[in-house]
Structures are given as C-alpha cells and as structure tokens.
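The values are calculated or read from the model by the stated rules, or taken from the named source; none is laboratory data. What you see is a predicted model; the values in this text were computed from it and never measured. Glycine gets a Cβ as well: all are built from the backbone with ideal geometry, and neighbour counts include every protein chain shown. For accessibility, only protein heavy atoms count, side chains too; no ligands or nucleic acids. Shrake-Rupley method; radii C 1.70, N 1.55, O 1.52, S 1.80 Å.
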Amino acid sequence: AAHPGPSCYRKGGPLTITDANLFLGRLLPDFFPKIFGKNEDEGLDEEASRKNFEELAKVINEDMRKEVGKDMSLDEIAYGFIKIANETMTRPIRSLTEARGHDTSRHRLATFGGAGGQHAVAIAEALGISQILIHRYSSILSAYGMALADVVTEQQEPESRVWADDNKETRESLQGKMQELKNKAAAVLKEQGFSDENIEFEEYLFEALDILRTQFVGQHEQEYGFTLPDRDIIVDDIRVRGIGKSFKGLEKTVDQQLRDITPRDLPRGDKVYGIRSVYFDGGRQDTPIYKMDDLSTGDRIRGPAMLADGTQTIVVTPNATAFLIDTHVVINLGESEGMDKKVDTSHTDPILLSIFGHRFMAIAEQMGRTQMNGQ
C-alpha cells in the first residue's frame, strides 16, 4: 500500500480523496485486502477517516459561521473534496479534446484504474457524455494485457537471387523457402501452447513480390531523385513473422456486443451482496452492493448501485444504469430518475467557488489557444 497513504491506511496519513469516498460509502472495506496496520492484517480504518473529517469540519465551520451563519455537514465537506477532484480531472480532458476540435458530448468515456469507476459518472456528466465504458479488468489492465499479448517469433534466411517478374523457377523456389520458414515459426509457437487456428503469419518479400519492382523504383526515385528501372533487383533476404494470437475469441467490439446482447433488468433484491448508506448529490440513500462475480452478461442494474470486486469499485448514481456485456460494464446516464438538489444562492459556497474557478480557467485556456492558432 502507498506510504503513508490516506488516513484510512492506518499509517497516519492525511485526508485524501480515498478517505472522502470511504466516508461517503463509495468505497467498500469488505472488498479491500486486509494488509493495513502494524501487522499488515487489518482492513481500512473508517474511523480514522471520520475523525479527521470531524477535525477539518471544526476549522471550516468556524469560518462558515462568520460568513454565512451556518455549518457544513461532514457529508457536504467530504463530497466537496470529490466534486473539486472531479472538476480538476475534467478540466484537462475538456481542454485537450476541444483544442483538437472534438466535442466531448459526441464521445464515450473510457475509464481505468481501481478508482476510475468511483468518479466516472460525475466526470461524464460534466463533459456532456452519456455513456461510459469500464473494462471488467479495468484496474489490472496492464497485467491483463501482458497476459493476453501476442507472442511473436521471426524466422529468416539469406538469399541471393535476381528477381524477374516472368521467372517461374525463382518464384517457386522462394515460395518453397517461405513455407519452410513458416513451418519453423509454427513449431516454435506450438511449443508455447498455440494451436494452428491461433497462429498467423506475415511474409516479408513474398507477399509484395508482384509489386516489388514498382515499389523499389518509386522508393529509389523518392530518395535519390532518379530511377534505375532497368537494373536487376536482387532478393537477398526472406523473412517470416509468426504471431500467436492470444486475443482469439475476444474480437467482438463493444458496438457488436451492444447490438447482440439483450438487457434484462435485475429484479429488486436479486443478486444483492449487501446494502450500504451512500452519499449522492442531495443526500444519502440505502444502496445495493453487487459483487461483479455474481453478475452475468446482459444484467442491467438501475442506480443507485455499487459494483465491486477485489480490485475496483464502480459507483452507479441514481440517474444511471449499469449494463454488463462480455468485456465491459457500460454505464448509461439519464436512464433513471435522479435526486434533484436545488442550488442555494443565498450565500457563498467555497466548493462551488473552486469548481467555477476551474471552469473559468478552462475557458481562459481555450481562448488562449484560439488566439495562438489565429496568429
């Protein structure tokens, strides 16, 4: 674990976004490994997060009473941390995409990392995005990708033969040598567990032989400014790349899965692991928790809900749904009735001040880029 890490890591660390998520019910201690504490055998310390928020609230509310005559609740303070963090993450996404002429609302949001699912909906809402893709192995994608990486082997043999388009003997000789190299490459990959249907080949020189002369002449003219169309072309190397495809069977795109998989709404209470009080914008709600391993492709869950496994937690807000396909959890916004919260304009809200500060800076940055492009 990080050192010292958040307060809840039992190392005397400061308040962090992790503590805010834990305090608000958006992190599930049951799903965290018990690796904390002096003997590295304890779970997250919810009490440490609460205690530090209580101490922070005393300082904040001293100023709040002077300015507006009212306190902020612990939930409001903790949620303020999260709202500001979300805006901080949203700002560079908005700036970078708009600087390249893209409209964020016309795209999906893809998230990764164990904490990505805790913030995805809020960030998507801020960007005008209506669909989020969270890979089932989002938090361990690097390791998952390494496990599924293609295995490549190359076989090579020197050659010294003049190529002529009409020389059948040369063509057949090169074809035979190419096949020998393919057989050698296949043997290497089969030793590593790949079957014939999972092996593909890239044949260098062989596939391009029919257009080799044209390519050579064109490349020569590009690099040297003149051509030598009448000179002999000598094939001096034959090479085969054998590729063991680890992704066989996983080729279906998200769009294909969304077309082929029919959603089925889970009945209330079905497959629920437990219930937890979770804070959403506007107040706390008793929220069902689902273990990812208990869910099946096609299940659709209406928010509010929490989906979790040992490495990631996904927060589905009251105005969203989570739809499971083979490879991803697809979160669609605006498909459930959310909790409406009226904005109080009677006093200054330090959280909103920070949020609007980020938004105004994003506008200023975009204006600056526009001016630079016009010069």
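All of ILE60, ILE123, ILE77, ILE82 fail the test of being hydrophobic (A, V, I, L, M, F, W, C), in a helix (DSSP H, G or I) and open to solvent by 40 Å² or more (accessible area, probe 1.4 Å), apart from ILE60. Restricting attention to the range 126-163 and to residues that are assigned to a helix (DSSP H, G or I) and in contact with a Ser or Thr (Cβ under 8 Å, 6 or more places away or on another chain), the residue that is modelled with the lowest pLDDT turns out to be ALA147. Only residues that are within 28 Å of the chain's Cα centre (by Cα) and open to solvent by 20 Å² or more (accessible area, probe 1.4 Å) were counted across the range 4-42, and they come to 15. Within the range 272-305, if we keep just the residues that are farther than 23 Å from LEU24 by Cα and polar (S, T, N, Q), the residue that is surrounded by the fewest Cβ atoms within 10 Å (Cβ to Cβ) turns out to be SER296. Condition (residue is among the small types (Gly, Ala, Ser), free of Cβ contacts under 8 Å to residues at least 12 places away in the same chain and under 30 Å from MET367 (Cβ atoms)) applied to the range 97-105: is it met by at least one residue? Yes: the range 97-105 contains one or more residues that are among the small types (Gly, Ala, Ser), free of Cβ contacts under 8 Å to residues at least 12 places away in the same chain and under 30 Å from MET367 (Cβ atoms). For beta carbons closer than 8 Å, sequence separation of 6+ or different chains, a first residue in the range 243-272 that is closer than 30 Å to LYS182 by Cβ and a second that is at pLDDT below 95 and aromatic (Phe, Trp, Tyr), the qualifying pairs are ILE243/PHE201; GLY244/PHE194; LYS245/PHE194. Checking ASN332, ASN319 one by one, the residue that is open to solvent by less than 30 Å² (accessible area, probe 1.4 Å) and polar (S, T, N, Q) is ASN332 and no other. All of ASP286, ASP293, ASP326, ASP270 fail the test of being touching a Lys or Arg at 6+ places or on another chain (Cβ under 8 Å) and outside any strand (DSSP E or B), apart from ASP326. Among the residues making up the range 262-271, those that are out of contact with any Leu (no Cβ under 7 Å at 6 or more places or on another chain) and surrounded by fewer than 17 Cβ atoms within 10 Å (Cβ to Cβ) are THR262, PRO263, ARG264, ASP265, PRO267, ARG268, GLY269, ASP270. When we screen PHE23, PHE81 for residues that are at pLDDT below 95 and of a type in the set (Phe, Trp, Tyr), the only hit is PHE81. Restricting LYS11, LYS38 to residues that are more than 21 Å from ASP281 (Cα to Cα) and modelled with pLDDT of 90 or more narrows the list to LYS11.
Conditions tested, residue by residue: (1) within 30 Å of GLY298 (Cβ to Cβ); (2) of a type in the set (Asp, Glu); (3) at pLDDT 80 or above.
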residue	(1), (2), (3)
ASP196	no, yes, yes
ASP210	no, yes, no
VAL240	no, no, yes
GLY244	no, no, yes
